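Peer 1: Let me begin by handing over the structure; questions about it come next.
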Amino acid sequence: VQLQASGGGLVQVGGSLRLSCLASGSVYGFGTMAWYRQTPGNQRELVASISRGGSTNYADNMDERFFISRENAKGTVNLEMNNLKPEDTAVYYCYAVSVLNDRHKYWGQGTQVTVSS
């Protein structure tokens, strides 16, 4: 199984970015998929998750600016980020759980998002 994240980069305050993650290698697809982020010296934290059926869960206040979506047929999960703030600067990781066994969890390689003021 591989998760390949893309879409990070440098953006100014108030700008937008769209992260995408392609999950491959599982014939049956994936259950819950999510985006996490991590800053130096801190633990990885959940940004948003989405179930196979499309139910979403956001960390506190994230749903005001962020929107998670997925396309099961393509094996992708996306994170649209709007009105970005300097505190959103982090490495963003995609995450997926096997649909057959929820003990099998996978991480992407991370993509850097930098919001400059």
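The values are calculated or read from the model by the stated rules, or taken from the named source; none is laboratory data. The structure presented is a predicted model; accordingly, all values stated were derived computationally and were not measured. Neighbour counts are summed over all protein chains in view; Cβ atoms, including those assigned to glycine, are modelled from backbone coordinates with ideal geometry. Just so you know, the surface numbers come from the protein's heavy atoms only, side chains and all, with ligands and any DNA or RNA stripped out. Shrake-Rupley method; radii C 1.70, N 1.55, O 1.52, S 1.80 Å.
Peer 1: Among the residues of segment 10-60, which ones are among the aromatic types (Phe, Trp, Tyr) and in contact with a helix residue (DSSP H, G or I) (Cβ under 8 Å, 6 or more places away or on another chain)?
Peer 2: Hits for segment 10-60: nothing passes.
Peer 1: Of everything in segment 28-44, what is more than 19 Å from ASP102 (Cα to Cα) and surrounded by fewer than 14 Cβ atoms within 10 Å (Cβ to Cβ)? Give them in sequence order.
Peer 2: Listed by number, the residues that qualify are THR39, PRO40, GLY41, ASN42, GLN43.
Peer 1: Just to verify a result, which residue in segment 12-27, among those that are open to solvent by 20 Å² or more (accessible area, probe 1.4 Å) and in a strand (DSSP E or B), is farthest from PRO86 (Cα to Cα)?
Peer 2: It comes out as SER24.
Peer 1: When the residues of segment 1-27 are filtered to those that are within 19 Å of GLY75 (Cβ to Cβ) and small (Gly, Ala, Ser), which remaining residue is modelled with the lowest pLDDT?
Peer 2: SER26
Peer 1: Return the residues of segment 60-110 that are closer than 18 Å to ILE50 by Cβ, open to solvent by 20 Å² or more (accessible area, probe 1.4 Å) and of a type in the set (Val, Ile, Thr); say none if nothing qualifies.
Peer 2: Correct list: THR76, VAL99.
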